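S.K.: This is the structure I have questions about; it appears just below.
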Amino acid sequence: MQESDVTQSEPELMGHPSGLFYIVFTEAWERFSFYGMQALLVLYMATYLLQAGTIEAVVGFSTLRSVIESIFGQLSSQALTSQIFGIYIGLVYLMPVFGGYLGDRVIGRTRAVLIGAFLMALGHFLMASEAAFLFALMFLVAGSGLLKGNLAAQVGGLYKSEDSRRNSAFAIYNVAINIGATIAPLICGTLGELYGWHYGFGAAGLGMLVGIVIYIRGRRFLPADRLATAANSGKSKLLPGDRFKILAISVLVLISTLFWTAQTQVWNTYPLWVRARVDREVLGQLMPITWFQSIDAGAVLLFAPIILWFWRRKAIRSEAVSDQVRKIAFGFLVYAIAFSWLATGESVAAPGQVAIFWPVVFHLILAIGFLYVGPIVMSLISRSAPASVSAMMMSSYYLSIFLGSILSGWMGRFYEVYAPATFWFIHASLVGSGCLILLVTRKVFFEAALQPRP
């Protein structure tokens, strides 16, 4: 498939095609809806839905539990919550691989995004019914699968492969994700925790509808869809060297699994740890648990302008592939430091409660690491992926989140087994090992495989 063509005579805004900003605001509202529900989901299941007297109303839940326990063994209520959450988040990020294929070759990226957005809105509104819980998750998974990979691929479609603005475009795209993720827990989380779970889920659905309106209004500024078929140009077939690129991207995805195992735990068992271990009293008021998710995303917004300025100053966008991989390895190292910090806070506090200072600083450290991993990995895949499978390879980025989420859910069972400090240090070790692997392989493997085609 040819790289999508941008609408001719399109105006620019802040040095970027204006279509980028319609995509960015669509993504911000989509992430508002997604993270609004995500901030509530573990707490909703652990403290309400999976409790006796409520869980019996969920259609199909006994079957789901039987299937999960046949794979992972008998699980406590907390472990089951973590595993369901891990599977859900994993599927949300696995389905874009198939959604990207549909966008590339069957229905086009724009149509895929719109169908996905409507399915997600429906899923959020179905969360208002306990009985429809599993159906709601199914719609959310399917909708995200169609939307995520194709929307990200449209960012890449606005630029030629050699365009130096790609890194900053994906950084802006990731900032949009974090704008939505910052606001969502403050609104959806507060409504859900303090006034009723279904108010929070309903607000998430309304956010998705806003995203749909923005996307439709900016449709004429988006890259034109071109389906990959045998009738397309030679770029619709794999060229010499493309399989090596696909292999290298696949290896990068597998290594990134370690990063996402740690990050997904921040969405999974971390809220339960905050509820049980952190002194959340601020000025005589108890801070909602979901607000820590806002700190996590808000810290990315705080540091993004500084890091973008640093990248421009150092011309990171034009550096060799091995240097890009080195930046990703640095992000892994920062994550290892962050989880070590959390483990240290637990050790200092035991057996008393952890001061709120420790998790707040934890999120600040995480933000720096995320900015060195998320946008750089997406940009590297976007500029290196063979044109005929660009959306599908962009979607493979989410495969690392799928694998990391499943592993994170499985590791959630150990939260009840090990002391919290040990639990967090295990995660520090995992992501630290990813840093070492990247540093060892960056020159001998990635530099040779991922050079963009002239």
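The values are calculated or read from the model by the stated rules, or taken from the named source; none is laboratory data. The structure displayed is predicted, hence computed values, not measured ones. All Cβ positions, even for glycine, are placed from backbone atoms using ideal geometry, and neighbour counts span all protein chains on display.
S.K.: Looking only at segment 351-367, which residues are farther than 14 Å from PHE339 by Cα and touching a residue at least 60 places away in the same chain (Cβ under 8 Å)?
M.R.: Correct list: GLN353, VAL354, ALA355, ILE356.
S.K.: Residues in segment 220-240: is at least one farther than 19 Å from MET392 by Cβ, at pLDDT below 90 and part of a helix (DSSP H, G or I)?
M.R.: Yes, the conditions are met somewhere in segment 220-240.
S.K.: Can you tell me which of (1) more than 24 Å from the chain's Cα centre (by Cα); (2) free of Cβ contacts under 8 Å to residues at least 24 places away in the same chain is the one ILE68 doesn't meet?
M.R.: (1)
S.K.: Same structure again: When you look at ALA299, is it touching a Leu at 6+ places or on another chain (Cβ under 7 Å), more than 23 Å from GLY404 (Cα to Cα) and crowded, with 18+ Cβ neighbours inside 10 Å, yes or no?
M.R.: The answer is no for ALA299.
S.K.: Answer yes or no as to whether ALA52 is surrounded by 14 or more Cβ atoms within 10 Å (Cβ to Cβ) and either touching a residue at least 12 places away in the same chain (Cβ under 8 Å) or over 17 Å from MET127 (Cβ atoms) (or both).
M.R.: no
S.K.: Would you check if there is a residue in segment 166-189 being more than 23 Å from ALA297 (Cα to Cα), among the aliphatic types (A, V, I, L, M) and surrounded by fewer than 20 Cβ atoms within 10 Å (Cβ to Cβ)?
M.R.: no
S.K.: May I ask you to verify whether LEU371 is within 16 Å of the chain's Cα centre (by Cα), touching a residue at least 60 places away in the same chain (Cβ under 8 Å), assigned to a helix (DSSP H, G or I) and under 30 Å from VAL282 (Cβ atoms)?
M.R.: Spelling it out, LEU371 is indeed within 16 Å of the chain's Cα centre (by Cα), touching a residue at least 60 places away in the same chain (Cβ under 8 Å), assigned to a helix (DSSP H, G or I) and under 30 Å from VAL282 (Cβ atoms).
S.K.: Taking the conditions exactly as written (of a type outside the set (Lys, Arg), surrounded by 24 or more Cβ atoms within 10 Å (Cβ to Cβ) and farther than 16 Å from GLY200 by Cα), does LEU146 satisfy them or not?
M.R.: yes
S.K.: A follow-up question, please. Just to be sure, is VAL389 free of Cβ contacts under 8 Å to residues at least 12 places away in the same chain, assigned to a helix (DSSP H, G or I) and either in contact with a helix residue (DSSP H, G or I) (Cβ under 8 Å, 6 or more places away or on another chain) or surrounded by fewer than 24 Cβ atoms within 10 Å (Cβ to Cβ) (or both)?
M.R.: Here the answer is no, as VAL389 does not meet what is asked.
S.K.: Can you spot a residue in segment 312-320 that is surrounded by 14 or more Cβ atoms within 10 Å (Cβ to Cβ), modelled with pLDDT under 85, in contact with a Phe, Trp or Tyr (Cβ under 9 Å, 6 or more places away or on another chain) and hydrophobic (A, V, I, L, M, F, W, C)?
M.R.: The answer is yes; a qualifying residue exists.
S.K.: Of the numbered conditions (1) out of contact with any Gly (no Cβ under 6 Å at 6 or more places or on another chain); (2) closer than 26 Å to VAL42 by Cα; (3) in a helix (DSSP H, G or I), ARG111 fails exactly one; give the number of that condition.
M.R.: (2)
S.K.: Mind telling me which of the residues ILE306, ILE337 ends up being in a helix (DSSP H, G or I), surrounded by fewer than 19 Cβ atoms within 10 Å (Cβ to Cβ) and modelled with pLDDT under 90?
M.R.: Result of the check over ILE306, ILE337: ILE306.
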